[in-house]
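The values are calculated or read from the model by the stated rules, or taken from the named source; none is laboratory data. This is a predicted model, so every value here is computed, not measured. Counting neighbours? That spans all protein chains shown, and the Cβs are built from the backbone with ideal geometry, glycine included. With ligands, DNA and RNA removed, areas are computed over all heavy atoms of the protein, side chains included. Shrake-Rupley method; radii C 1.70, N 1.55, O 1.52, S 1.80 Å.
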Amino acid sequence: MSENKDLKSMRKSYAKAELAESSAGNNPLALFSIWFEETANAGESEPNAMTLSTIGEDGYPNGRIVLLKAVVQGEFQFFTNYESKKGKELLKNPKAALTFFWPELERQVRIQGTISKISKSESESYFKQRPRESQLGAHVSRQSTTIESRNELEIQFRNLEKEFKDKEIPIPEYWGGYNLYPISIEFWQGRVGRLHDRLIYTRDTKNETLWIRKRLSP
């Protein structure tokens, strides 16, 4: 970054839309579906990209970008290496946050919830849909571990290509999916003068099928 770059002067005025209670409705999952479709139609390159935040044993938060692959019965689904850093953190503390940022429509969605693994059969079903290169990559990558060089990965990849030539590639034992069961979902719409619209939905503790909606100050 150039020392002459004035970060304090970098700003954008948000004026594309508003978020009103009258149009938001009482079901955040329905609103998420609408926003997601609108984002995809607006030309966002990866509308399903989201920041997954977990808490490490040292108490520090860790965030990384992963891809949403489905919303199944109201739960947000993604896939990864169970032995990765995030996998180990989710095993110790099965709570996480998801953050979507969609600059094309000046929107953000923040989700908090609890985590559970999906069934092996569900993971296998998705794994078979992946490109062969991605299937091989799941076998090669011991995610988050230290390696000597890039060349080491490429050699292992080529060896596996030969091993599985003309064969079905099995799912690794350490790879699969998670579901996040949301307990709160916040929608943010950028507005003029930084008077942004923020609506947060939290589950009713007496009836988890119901949501309580509140407006938050920007």
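If I147 meets every condition in (1) free of Cβ contacts under 8 Å to residues at least 24 places away in the same chain; (2) assigned to a strand (DSSP E or B); (3) surrounded by fewer than 17 Cβ atoms within 10 Å (Cβ to Cβ) apart from one, which number is that one? Going through the list (1) free of Cβ contacts under 8 Å to residues at least 24 places away in the same chain; (2) assigned to a strand (DSSP E or B); (3) surrounded by fewer than 17 Cβ atoms within 10 Å (Cβ to Cβ), I147 breaks only (2). One residue stands out in the stretch 166-218 among those that are assigned to a loop (DSSP other than H, G, I, E, B), hydroxyl-bearing (S, T, Y) and out of contact with any strand residue (DSSP E or B) (no Cβ under 7 Å at 6 or more places or on another chain): the one that is surrounded by the most Cβ atoms within 10 Å (Cβ to Cβ), namely T205. Looking only at the stretch 58-73, filter to residues that are assigned to a loop (DSSP other than H, G, I, E, B) and more than 21 Å from E46 (Cα to Cα); which one of those is least open to solvent (accessible area, probe 1.4 Å)? The residue in question is G59.
Against the definition (of a type in the set (A, V, I, L, M, F, W, C), within 30 Å of D197 (Cα to Cα) and either modelled with pLDDT under 95 or not in a loop (DSSP other than H, G, I, E, B) (or both)), how does F101 come out, yes or no? Here the answer is yes, as F101 does meet what is asked.
Tell me, please, whether a residue that is over 22 Å from the mean Cα position of the chain (by Cα) and without any contact (Cβ under 8 Å) to a residue 60 or more places away in the chain can be found in the stretch 177-193. Before you say what the answer is, go through the steps one by one.
From the stretch 177-193, those over 22 Å from the mean Cα position of the chain (by Cα) are 191-193; that's our starting set.
Filter again for without any contact (Cβ under 8 Å) to a residue 60 or more places away in the chain, leaving 193.
Within the stretch 177-193, one or more residues are over 22 Å from the mean Cα position of the chain (by Cα) and without any contact (Cβ under 8 Å) to a residue 60 or more places away in the chain.
β-branched (V, I, T), crowded, with 18+ Cβ neighbours inside 10 Å and in a strand (DSSP E or B): does that describe T114? Judged against the criteria, T114 is not a match. Residues that are closer than 28 Å to L195 by Cβ, open to solvent by 40 Å² or more (accessible area, probe 1.4 Å), within 16 Å of the chain's Cα centre (by Cα) and in contact (Cβ under 8 Å) with a residue 24 or more places away in the chain are absent from the stretch 8-27 altogether.
Only one of the numbered conditions (1) open to solvent by 60 Å² or more (accessible area, probe 1.4 Å); (2) modelled with pLDDT under 95; (3) over 22 Å from the mean Cα position of the chain (by Cα) is not met by L153, and that is (1). Name the residue that is farthest from G190 (Cα to Cα), counting only residues in the stretch 130-144 that are within 19 Å of the chain's Cα centre (by Cα) and either assigned to a helix (DSSP H, G or I) or of a type in the set (V, I, T) (or both). Going through the qualifying residues, I end up with A138.
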